[in-house]
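Reading through the structure tokens given below for one structure.
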Amino acid sequence: MKNLTLKQLRYFDALARHRHFGRAAEASSISQPALSLQVKELEKMFGAPLVERSTPKVRLTAIGEVVIAKGRQILIAVEELEDLVRASKGPLAGRLRLGIIPTVGPYLLPEIMLALSARYPQLELEVRESMTKALIKDLTEGRLDLAVVALPISEPNLREFALFEEEFALVRPMADAEKPIPSPKHLRTMRLLLLEEGHCFRDQALSVCKITEAQPRQLMEGSSLSTLVQMVGAGMGVTLIPEIAINLEARSTDVSIVKFPAPAPTRTIGMVWRNTHPLSEQLAQIGEIIRGVGENKRDGTGAYAR
């Protein structure tokens, strides 16, 4: 096969991810006709169509699925080769792609970026905030270098690095501030406000309350922790937030935020990356920095009650 290029594989990877020529071209910073031409060149090389163009949403053909699977292995190998060269040059520099879940990002990301910038002034940090499932997919397909998520992930091809453990806090209307803290059994009888499906913190909150099936009359959803806190302030129910969110969310509205008595429900925040990543040693060092940021943030919450 002649003239197969990494650029063509990257364009085809973008098309396979977005399943739309226009969005794939935008993500690749080229025009749609240019991307379409590159895909057609690939099809000529393989002697078969790689995508179905007769539907609004692009679909890969059987051979297209094979090509993207092998192509992604090549792209990951090239990325890791480039990282190996970077690792041999000393202090971490250049692009580093970090993923982070929405229940951590708003509360730690500014401090993380400042701490990493101070330690690695030549580092170019690219951040993506998304839900765990999407971040793990991007990690395994080579579009991220590392991700900050709730552990465990239990993926055999990923290394897990625990950062810190944090407690959950209860958010309820200010009118309930003097009431006893409800038990998990009592929480099941209250109107519980949760994040939308797909957020790992939603599943953790349901687990704390020992709820296995959502009942529409009991549960309401929001798109972010800040939205949930605002809903509590409006008297629509109660919610749970992680410890690192307390200081920021306590300023957002007039609510009561209290911690549960021991043994309080907790979650473990950690970092994950591919086992094969050439910068594994440097990523562990980054993990130590993020661990310090997380511990400082938690120390700042104290025995909070409002």
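The values are calculated or read from the model by the stated rules, or taken from the named source; none is laboratory data. The shown structure was predicted, so the numbers you read here are calculated from the model rather than taken from an experiment. When we count neighbours, we look across all protein chains shown, and the Cβ atoms used for this are built from the backbone with ideal geometry, even at glycine.
Picking from residues in the stretch 203-225 that are of a type in the set (S, T, N, Q) and either exposed (fewer than 13 other Cβ atoms within 10 Å of the Cβ) or in contact with a Phe, Trp or Tyr (Cβ under 8 Å, 6 or more places away or on another chain) (or both), the one that is modelled with the lowest pLDDT is 215. Within the stretch 86-101, the residues that satisfy the criterion of being modelled with pLDDT under 95 and surrounded by 14 or more Cβ atoms within 10 Å (Cβ to Cβ) are 86, 87, 92, 96, 97. Going through (1) under 12 Å from the mean Cα position of the chain (by Cα); (2) in a loop (DSSP other than H, G, I, E, B) one by one, residue 134 falls short only on (2). When each of 239, 268 is tested for being in a strand (DSSP E or B), in contact with a Phe, Trp or Tyr (Cβ under 9 Å, 6 or more places away or on another chain) and at pLDDT 85 or above, the lone residue that passes is 268. Condition check for residue 51 on (1) hydrophobic (A, V, I, L, M, F, W, C); (2) surrounded by 18 or more Cβ atoms within 10 Å (Cβ to Cβ); (3) without any contact (Cβ under 8 Å) to a residue 60 or more places away in the chain; (4) in the same structural domain as residue 137 (by TED's automatic domain parsing): one failure, at (4). Where helices (runs of 4 or more DSSP H) sit wholly within the stretch 1-104, those with at least 1 residues that are closer than 20 Å to residue 139 by Cα occupy 6-18, 21-28, 62-87. For residue 294, the stated conditions do not hold, so it cannot be described as more than 25 Å from residue 185 (Cα to Cα), at pLDDT below 95 and surrounded by fewer than 20 Cβ atoms within 10 Å (Cβ to Cβ). The single condition from (1) on the phi > 0 side of the Ramachandran plot; (2) surrounded by 14 or more Cβ atoms within 10 Å (Cβ to Cβ) that residue 154 fails is (2).
One line per residue, one yes/no per condition, for (1) under 24 Å from residue 17 (Cα atoms); (2) in contact (Cβ under 8 Å) with a residue 12 or more places away in the chain:
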{"position": "115", "(1), (2)": "no, yes"}
{"position": "118", "(1), (2)": "no, no"}
{"position": "140", "(1), (2)": "yes, yes"}
{"position": "145", "(1), (2)": "yes, yes"}
{"position": "150", "(1), (2)": "no, yes"}
{"position": "153", "(1), (2)": "yes, yes"}
{"position": "157", "(1), (2)": "yes, yes"}
{"position": "161", "(1), (2)": "no, yes"}
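Evaluating residue 111 against the criteria (1) in contact (Cβ under 8 Å) with a residue 24 or more places away in the chain; (2) outside any strand (DSSP E or B); (3) touching a Leu at 6+ places or on another chain (Cβ under 9 Å) leaves one unmet condition, (3).
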